[in-house]
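Quick notes on the structure that follows.
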């Protein structure tokens, strides 16, 4: 259960980073959480028999998903800006190749 709790802690930190537009921190936290989730998939192959443990796990996962939804909303503007920057760089490179430096 502690791995799920840690995943939720990381997700809350990710949400805070997104709220503060701290994209580098967000990416780093996401990588850390992805590693933890991968480990969770390997370790948590047997569902909990205890009803309270299952409910706790369900609650943690729901909270993670709710935070993820908020993070996605917050990152949409950043992703749009990033696409625009990458698009302008690509356009500049095409112009440079076409017309020379």
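Bear in mind these aren't lab numbers, they're just calculated from the coordinates by the rules spelled out. Predicted model, so just to flag it, every value in this text is computed and none were measured. So basically every Cβ, Gly included, is an ideal-geometry build from the backbone, and we count neighbours across all protein chains shown.
Compared with the dominant principal axis of the Cα atoms in the chain, helix 2-19 is inclined by about 30°.
Between the beta carbons of residue 2 and residue 82, assuming R0 = 35 Å, the FRET efficiency works out to 0.50 to the nearest 0.05. As a length-normalised measure over Cα pairs under 8 Å and 6 or more apart, the relative contact order of the chain settles at 36 percent. Give me the angle, in degrees from 0 to 90, between the Cα long axis of helix 51-99 and the longest principal axis of the Cα atoms of the chain, rounded to the nearest 10. Rounded to the nearest ten degrees, it is 10. Adding -39500 (n - 2.57) for every DSSP H run of four residues or longer, then dividing by how many residues the chain holds, sets the calculated 222 nm ellipticity at -31500 deg cm²/dmol.
Size descriptors for the chain, from the alpha-carbon set: Rg then Dmax equal 19.5, 69 Å. Taking every alpha-carbon pair in region 26-74 and binning the separations at 5 Å intervals from zero gives 5, 17, 18, 28, 17, 10, 5, 0 percent.
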